[in-house]
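Below: one structure, written as structure tokens.
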Amino acid sequence: MTLSQSSFLAEQQARYTKMQHELRQAFDPFGLMQTTFDAQRAWLSHPDQLAATLGDWGNDYLRWCNAAASRATGLSENDPFVPNPEDTRFADAIWRDSPYWDMVKEWYLFNTRWLQDALYATPELNEHDRARAAFWLRQYLNAIAPTNYFFLNPVAMAKALATRGDSVYQGFLNFARDTARGDIAMTDMSAFKVGENLGTTPGSVVYRGELLEVIHYEATTPTVHQVPIVIVSPWINKFYVLDLDARKSMVKFLVDQGFSVFITSWKNPGTEARDVAFDDYLTEGVARIVDVAREISGSEQVNLVGYCIGGTLVATYLAWLARQGQEQQRIASATLLTSLTDFSWPGDIEVFLDEEGLAFVENTIHRKGYLDGKEMAASFRMLRANSLVWNYWVGNYLLGETPMPFDVLYWNMDATRMPERMHCYYLREFYFHNRLIQPDVLTIAGQPIDLGRIGSPLFMVSTEEDHIAPWKQTWKLTERVSAPVTFTLSTSGHILGIVNPPRPDSKRSYWQGPVQQGEVDEAWKAGLSKQPGSWWPSWVEWLRPRAGEQVKPKIASRKHPALDAAPGLYVLEP
């Protein structure tokens, strides 16, 4: 083969690869069609197993026919395909009492179960493709549920008759409203207003920069601990999840316990901020609020707290300080709330994270210069589509109802944006390549990062039902740091396991205890007793020995005067 022929073939191969990439980006960025073709090919190459699987469908079909015939003739017949106890779609009695609607329900259930069982039984399909295919199959099966369609939903039709069509009219109005907003309402959005019934703990903005406002809360006790608590909130949502109202506010709880509390209120970026980097969030974000808190309080150290991605940033900052030999000078302790540092298994969101899927997300972000928070929220809602999407579809549009007021859901819908450069770096380097756990591989703000250098006492909190930051994944940080670690595992999920105030009627509980070097997660849990109620009081007792002596409170200083009342301006930006 001549050099020119070799060059020609290489050029054609490059063109083919580029065309293949562009076609997948246009039609199948997450590899659903490819995985489907792989599954079909696998079944066709194993005809005996395919025949057995089709035989299973035939047997289930006969069971369905027998049950439907028995119900139609008035004979009592137990449902052969029973809904999952947590599946509320078919909770109304008509799905059991009416032979016709029972037949519709059973047809849907038997086919969905057979399809999912067949997928998991697919021969020669690797686990990654199996998990990805299962995710997209669930999306499809959830979408075609009869409850989602007016003329297949007896409850919706009955309500339309009872209200003489008013529920249909109200559903149309709700649909028009949500279409204009670009999101399905999960709560009554008119029931809340930040600064009036959310984010109401008194305080002052004591710093305002291009990236964040720093809010310092007023003391409610005659004296406060000199070492302040500095909370780094996640910038993928607004900070007031930690200050919902007087009964649920972590901020108010800490202030009432005699702590001086500072929190980040991140600016909601637009296209103009597309070049803001992860480095900026470290130097002009967490490092800035720490310096402001130290100057106002007069304390050399702070007790640093990070929530979700804010905790990932805090862990990075600790390693950044440690590299410079400054960690012990500035940090008395660190608390990480549901914070990932090892992204080898980032939860169900990994279905979006292969090279083509990541390229699709990056291209989407590049067109606007930011990732819209509604797009990110939609991705997370797909992880629990029945409860977070189709439940509201049916209630809002088919039944014409206004969702119940719920402050956490209002906060969840009050979405923020993420700058292009920062978020693409975070997705690729942290989620996709998992480089944060690799010693000195990432250089952030001029310093190589090694989580193993972290020496500050750590208080880590995770939650049992967290599908965003699985607790066994957050646990992996305990295997890397040289610091003493106290770990808390709370019941509930990513939000409600953290927004967990002490209340007499609390139904939540937690496990808590120190982690020994090399201890395995399940062994740690098995060695502890489950404690009822909130973990907040035990956290406060852990903080007090690290919070310094009692001093007179001071809201601001000459260098950092009070600029505005809390909750500030940035949190109100649309």
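Only residues that are of a type in the set (Gly, Ala, Ser), touching a helix residue (DSSP H, G or I) at 6+ places or on another chain (Cβ under 8 Å) and open to solvent by 10 Å² or more (accessible area, probe 1.4 Å): list them for the range 300-329, please.
Listed by number, the list holds a single entry, ALA322.
Output the residue which, of all residues in the range 441-465 that are under 23 Å from TRP511 (Cβ atoms) and among the hydroxyl-bearing types (Ser, Thr, Tyr), is surrounded by the fewest Cβ atoms within 10 Å (Cβ to Cβ).
SER456
Which pairs do you get when a residue that is within 21 Å of LEU543 (Cβ to Cβ), found in the range 448-476, comes within reach of a residue that is among the aromatic types (Phe, Trp, Tyr) and surrounded by fewer than 21 Cβ atoms within 10 Å (Cβ to Cβ), reach meaning Cβ atoms under 6 angstrom, with the pair 6+ apart or on two chains?
PHE459/TRP542
Within the range 123-165, count every residue that is in contact with a Lys or Arg (Cβ under 7 Å, 6 or more places away or on another chain) and in a loop (DSSP other than H, G, I, E, B).
The number of residues fulfilling the criteria is 1.
Within the group ILE498, ILE468, ILE555, which residue is open to solvent by 10 Å² or more (accessible area, probe 1.4 Å) and under 16 Å from LEU336 (Cβ atoms)?
Of ILE498, ILE468, ILE555, the one residue that is open to solvent by 10 Å² or more (accessible area, probe 1.4 Å) and under 16 Å from LEU336 (Cβ atoms) is ILE468.
Provide a single number: the residues in the range 144-182 that are of a type in the set (Phe, Trp, Tyr) and open to solvent by less than 30 Å² (accessible area, probe 1.4 Å).
0
Does any residue in the range 225-237 that is hydroxyl-bearing (Ser, Thr, Tyr) come within less than 7 Å, Cβ to Cβ, of a residue that is not in a strand (DSSP E or B) six or more places away or on a different chain, and which pairs are these?
Final answer for the pair search is SER233/PHE239; SER233/LEU242; SER233/GLY310.
Mind checking whether some residue in the range 330-351 is open to solvent by less than 20 Å² (accessible area, probe 1.4 Å), under 15 Å from ALA287 (Cα atoms), in contact (Cβ under 8 Å) with a residue 12 or more places away in the chain and not in a strand (DSSP E or B)?
So far as the range 330-351 goes, no, none of its residues is open to solvent by less than 20 Å² (accessible area, probe 1.4 Å), under 15 Å from ALA287 (Cα atoms), in contact (Cβ under 8 Å) with a residue 12 or more places away in the chain and not in a strand (DSSP E or B).
Answer yes if at least one residue in the range 527-540 is open to solvent by less than 60 Å² (accessible area, probe 1.4 Å) and farther than 29 Å from TRP411 by Cα, and no otherwise. Lay out the reasoning, then the answer.
Looking only at the range 527-540, we keep the residues that are open to solvent by less than 60 Å² (accessible area, probe 1.4 Å), and these are 528, 533-540.
Restricting the remaining residues to those that are farther than 29 Å from TRP411 by Cα gives 528.
Within the range 527-540 (the criterion being open to solvent by less than 60 Å² (accessible area, probe 1.4 Å) and farther than 29 Å from TRP411 by Cα), the answer is yes, since at least one residue qualifies.
Which of the residues that make up the range 94-107 are open to solvent by 20 Å² or more (accessible area, probe 1.4 Å), farther than 15 Å from ASN59 by Cα and not in a loop (DSSP other than H, G, I, E, B)? Walk me through it before giving the result.
Start the filter on the range 94-107 by keeping residues that are open to solvent by 20 Å² or more (accessible area, probe 1.4 Å), which leaves 94, 96-101, 103-104, 107.
Applying the additional criterion that residues be farther than 15 Å from ASN59 by Cα yields 94, 96-101, 103-104.
Scanning the range 94-107 gives ILE94, ARG96, ASP97, PRO99, TYR100, TRP101, MET103, VAL104.
For residues in the range 183-199 being acidic (Asp, Glu) and farther than 26 Å from ALA556 by Cβ, which is surrounded by the most Cβ atoms within 10 Å (Cβ to Cβ)?
It comes out as ASP183.
Does GLU356 count as more than 29 Å from PRO574 (Cα to Cα), among the acidic types (Asp, Glu) and open to solvent by less than 50 Å² (accessible area, probe 1.4 Å)?
In short, yes.
Within the range 363-382, can you find the residues that are touching a helix residue (DSSP H, G or I) at 6+ places or on another chain (Cβ under 8 Å) and crowded, with 16+ Cβ neighbours inside 10 Å?
ILE365, GLY369, TYR370, LEU371, GLU375, ALA377, PHE380, ARG381, MET382
Criterion first (buried (at least 16 other Cβ atoms within 10 Å of the Cβ), outside any loop (DSSP other than H, G, I, E, B) and within 15 Å of the chain's Cα centre (by Cα)) does LEU388 satisfy it?
Numbers: buried (at least 16 other Cβ atoms within 10 Å of the Cβ): yes; outside any loop (DSSP other than H, G, I, E, B): yes; within 15 Å of the chain's Cα centre (by Cα): yes.
Criteria met by LEU388.
Residues of the range 81-93 being surrounded by fewer than 15 Cβ atoms within 10 Å (Cβ to Cβ) and not polar (S, T, N, Q), which ones? Explain how you work it out, then say what you get.
Narrowing the range 81-93 to residues surrounded by fewer than 15 Cβ atoms within 10 Å (Cβ to Cβ): 82, 84-88, 91, 93.
Residues satisfying the conditions are VAL82, PRO85, GLU86, ASP87, ALA91, ALA93.
Just checking, does the range 414-421 include any residue being on the phi > 0 side of the Ramachandran plot, at pLDDT 95 or above, of a type outside the set (A, V, I, L, M) and open to solvent by 30 Å² or more (accessible area, probe 1.4 Å)?
There is no residue in the range 414-421 that is on the phi > 0 side of the Ramachandran plot, at pLDDT 95 or above, of a type outside the set (A, V, I, L, M) and open to solvent by 30 Å² or more (accessible area, probe 1.4 Å).
The values are calculated or read from the model by the stated rules, or taken from the named source; none is laboratory data. Since the structure is predicted, the reported quantities are computational estimates derived from the model, not experimental observations. Here Cβ is always computed from backbone atoms with ideal geometry, including for glycine, and neighbour counts include all displayed protein chains. Accessible surface areas use protein heavy atoms only, side chains included; no ligands, DNA or RNA. Shrake-Rupley method; radii C 1.70, N 1.55, O 1.52, S 1.80 Å.
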